[in-house]
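To start, the structure under review is shown below, and the notes come after it.
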Amino acid sequence: MTLQTPTPFPPPQPPQEQVTFDRKELGALTRLYGQFVSAGEWRDYGISFLREAAVFSVFRRFAESPLYRIEKRPKLRDKQGLYAVVGMDGYILRRGNDLGQVLRVLEKKLIRAVE
């Protein structure tokens, strides 16, 4: 009978940093989402927390590609702005360091003329 030495567990890896939205940012995003849901424009959303970005995506229907993506990229804070609203076609509609100002590009779409 031979004895085998136990193999040690691999050393613990440092946790991967993720970019997230804080409570205030999520409050602003869900408030805007609720306004569009009540207007019948949006029906679903998705949130992704990645290593380089946090993304809030809104959908007209569940199985479609997102209408808009609101992205938070901390590496672009000093260059182009922390937040960006990206359209369905990939074009950046607005970019800046203030989330409220960036979301105004979407709030303009909510205003309609009433007959």
For residue 47, are the conditions met, namely being among the aliphatic types (A, V, I, L, M) and more than 16 Å from residue 109 (Cβ to Cβ)? yes
Tell me yes or no: at least one residue of the range 87-106 is at pLDDT 85 or above and touching a Pro at 6+ places or on another chain (Cβ under 9 Å). yes
Residue among 65, 48 that alone is within 19 Å of residue 21 (Cα to Cα) and polar (S, T, N, Q): 48
Could we say that residue 52 is acidic (Asp, Glu), in contact (Cβ under 8 Å) with a residue 24 or more places away in the chain and farther than 21 Å from residue 109 by Cβ here? yes
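The values are calculated or read from the model by the stated rules, or taken from the named source; none is laboratory data. Note that this is a predicted model, so its numbers are computed, not measured. Backbone-built Cβ (ideal geometry, glycine too); neighbour counts: all protein chains shown.
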